[in-house]
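Some notes on the structure that comes next.
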């Protein structure tokens, strides 16, 4: 997923990318409330590389039903927030979709306006803002991937296993503060190791095997599938969908050595209506459509994810397989308020520990 916990302080490369994206943004001054267009800024993962993702189906159906054309811009979560922030005086986006804690960051920076889409009453309280500023449209969980051909069975199993010399130059994770899944590495490590200092001490050791930064999580999966690297971070929805065309991908969840179970946490795609959006009404219609029963039923069968609405319970083969992926995994809930408040501190600590 160019998904990038799809950033904090963006690295030079991601800033350059964000700048190039801004160049194609157009002018909201030329936009009309009657214009049949809606612009979506989103973290990667929901749009298929071959046009076969959940976004592809939803956008096509939405355009057919409403006549409203979807203009799609993809990047890391933090990357999309930073772009929207730069455009605050000349808003281009109508809807923004990111992973936590970047949707909370977008809200705290005044980028979102309250809107409760039809069907959002069926979304769990923890997966939406109490004031209606954002709601999950696809549920998801953080995870890792490995080349299961080269690493069969339960190898590796723990964080500590990844320190083995055989992973030198064969391991990579997306950049914390830039990629949503990259930031998730820090959050999970802090949980599993019992705090920031212990997590950073581990990540400092892991850096000896790390290939280097990546603003895009989604681009790591093809490298793992081909065996260029053996292990990377990701998330269940994105990697499950990618595995359709990448047969060597295996999803797994590192445990701390000695722990009873591996852990993960929910990392939903959360959507909000952008404040002073040039096409507010169209943005509302798209949000309603993404939470419609029909679109939610296809979250698993097409998107490889988990429906946000609790009343939608798909029974397709993907839904059954996804349930098995999480079998035996302990799911914890991060303190998102703390993460939002202290994200810069955590990312800075990671930079210091890894020399990034």
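The values are calculated or read from the model by the stated rules, or taken from the named source; none is laboratory data. Computed from a predicted structure; not experimentally measured. Heads up, the Cβs are rebuilt from the backbone with ideal geometry, glycines too, and the neighbour counts pull from every protein chain shown.
Couple of notes before you dig in:
- Only a single item in (1) at pLDDT 95 or above; (2) in contact with a strand residue (DSSP E or B) (Cβ under 7 Å, 6 or more places away or on another chain) is not met by residue 214, and it is number (1).
- Any hit, segment 337-346, residues being touching a helix residue (DSSP H, G or I) at 6+ places or on another chain (Cβ under 9 Å), in the same structural domain as residue 133 (by TED's automatic domain parsing) and not in a loop (DSSP other than H, G, I, E, B): no
- Test: residue in segment 263-277 that is over 26 Å from residue 116 (Cβ atoms), in contact with a strand residue (DSSP E or B) (Cβ under 9 Å, 6 or more places away or on another chain) and surrounded by fewer than 20 Cβ atoms within 10 Å (Cβ to Cβ): yes
- Looking across segment 104-124, just one residue is surrounded by fewer than 22 Cβ atoms within 10 Å (Cβ to Cβ) and in a strand (DSSP E or B), and that is 113.
- So residue 151, is it crowded, with 20+ Cβ neighbours inside 10 Å and in a loop (DSSP other than H, G, I, E, B): yes
- For residue 249, the conditions (1) at pLDDT below 95; (2) crowded, with 19+ Cβ neighbours inside 10 Å; (3) within 30 Å of residue 62 (Cβ to Cβ); (4) not assigned by TED's automatic domain parsing to the domain that holds residue 78 are fulfilled apart from (1).
Residues are listed down the side, and each one gets a yes or a no for (1) closer than 26 Å to residue 184 by Cβ; (2) touching a strand residue (DSSP E or B) at 6+ places or on another chain (Cβ under 6 Å); (3) surrounded by 24 or more Cβ atoms within 10 Å (Cβ to Cβ); (4) in the same structural domain as residue 130 (by TED's automatic domain parsing):
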site	(1), (2), (3), (4)
245	yes, no, no, no
258	yes, no, no, no
279	no, yes, yes, yes
294	no, no, no, yes
299	yes, yes, yes, yes
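- The listed residue being in a strand (DSSP E or B) and either surrounded by fewer than 24 Cβ atoms within 10 Å (Cβ to Cβ) or at pLDDT 95 or above (or both), out of 188, 146, 205: 146
- Flag if residue 71 is surrounded by fewer than 24 Cβ atoms within 10 Å (Cβ to Cβ) and closer than 22 Å to residue 34 by Cβ: yes
So that you can scan it fast, the table gives a plain yes or no per residue for (1) part of a helix (DSSP H, G or I); (2) more than 19 Å from the chain's Cα centre (by Cα):
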{"position": "213", "(1), (2)": "no, no"}
{"position": "222", "(1), (2)": "yes, no"}
{"position": "234", "(1), (2)": "no, no"}
{"position": "239", "(1), (2)": "yes, no"}
{"position": "247", "(1), (2)": "no, yes"}
{"position": "264", "(1), (2)": "no, no"}
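- Taken over segment 52-103, the residue count meeting the criterion of being part of a loop (DSSP other than H, G, I, E, B) and over 26 Å from residue 142 (Cβ atoms) is 9.
- Residue list for segment 302-328, filter: part of a helix (DSSP H, G or I) and surrounded by 16 or more Cβ atoms within 10 Å (Cβ to Cβ): 318, 319, 322, 325
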